[in-house]
Amino acid sequence: MRQEKDIFDTIDDYFSNINGDEIAKKITKTVNDFSDNLASSIEDSMKNSGYDSFGEFVEGEIKDNKGKKPQFTNMMKEYTSRYDYVKDALNNVNYEIKYRGYFKEGHMQALNDVSSLLTTYSNDLDALFHKIKEQIQEIRMHKSQYKKAYYDGYIAGCEYAQKAIKRSKQVMMKKVLDEIHS
């Protein structure tokens, strides 16, 4: 009879070990999932605030070193057409701290969308300006589908492209006037 009890004890121990291992695996998985979700939430929060990393967050929020929205630099290049000016403006954007993360992603997507239309409208940039205006209205109608920072970046990117189109006209008019006065 003692031998039967040993077999039951052995079986009991076996099931205890299995349950212990399974419980340990479940606890480990739960802790890992929690860590991943926490890290993902923190990263998402930083990107929503305009940062790509924790270091940028510290620089921007704690050291209060907030950058400026993407803006035009003094492009000293000699342009031969409005198209060249706009193309250069869309391809040379600097994203300072606080305007990165999802904002930057939305802004870059807007500039990529405009760039893909640029060749089609190369001879009629005013029509492209209105096409961008339509795109802004379309995005605004579907605002809830996007993260706020992405949405803000996309709108800012479209407006940046529109400013580039307006400036291209001014740059070329100045060039013509300079040539007339020379």
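Side notes on the structure shown:
- Sparsely packed loop sites in the stretch 75-169 (the GluC sites (Glu not before Pro) outside DSSP H, G, I, E and B with at most 14 other Cβ atoms within 10 Å) comprise GLU78.
- Surrounding net charge for ASP36, when Lys and Arg each add one and Asp and Glu each subtract one, Cβ distance under 13 Å: -2
- In plain terms, the chain from GLU134 to GLU78 could stretch by 17.1 nm, reckoned as 0.36 nm per residue minus the Cα-Cα distance.
- Net charge over other residues, Cβ less than 9 angstrom from the Cβ of LYS77 (K, R count +1; D, E count -1): -3
- When the convex hull of its Cα atoms is viewed from all sides, the stretch 88-172 shows a mean projected area of 5.5 nm².
- For the pair LYS148 and SER53, the difference between a 0.36 nm per residue extended length and the Cα-Cα distance amounts to 32.4 nm.
- HIS107 - accessible surface, heavy atoms, 1.4 Å probe, Å² rounded to 10: 0
- Annotation: Cα Rg of the stretch 99-142 relative to the compact-globule expectation 2.2 N^0.38 Å equals 1.25.
- In this structure, ASN32 and GLU96 have a Cβ-Cβ separation that, at R0 = 35 Å, corresponds to a calculated FRET efficiency of about 0.45.
The values are calculated or read from the model by the stated rules, or taken from the named source; none is laboratory data. The structure displayed is predicted, hence computed values, not measured ones. Note that we place each Cβ from the backbone using ideal geometry, even for glycine, and neighbour counts take in every protein chain shown. Note: areas computed on protein heavy atoms with side chains; ligands, DNA, RNA excluded. Shrake-Rupley method; radii C 1.70, N 1.55, O 1.52, S 1.80 Å.
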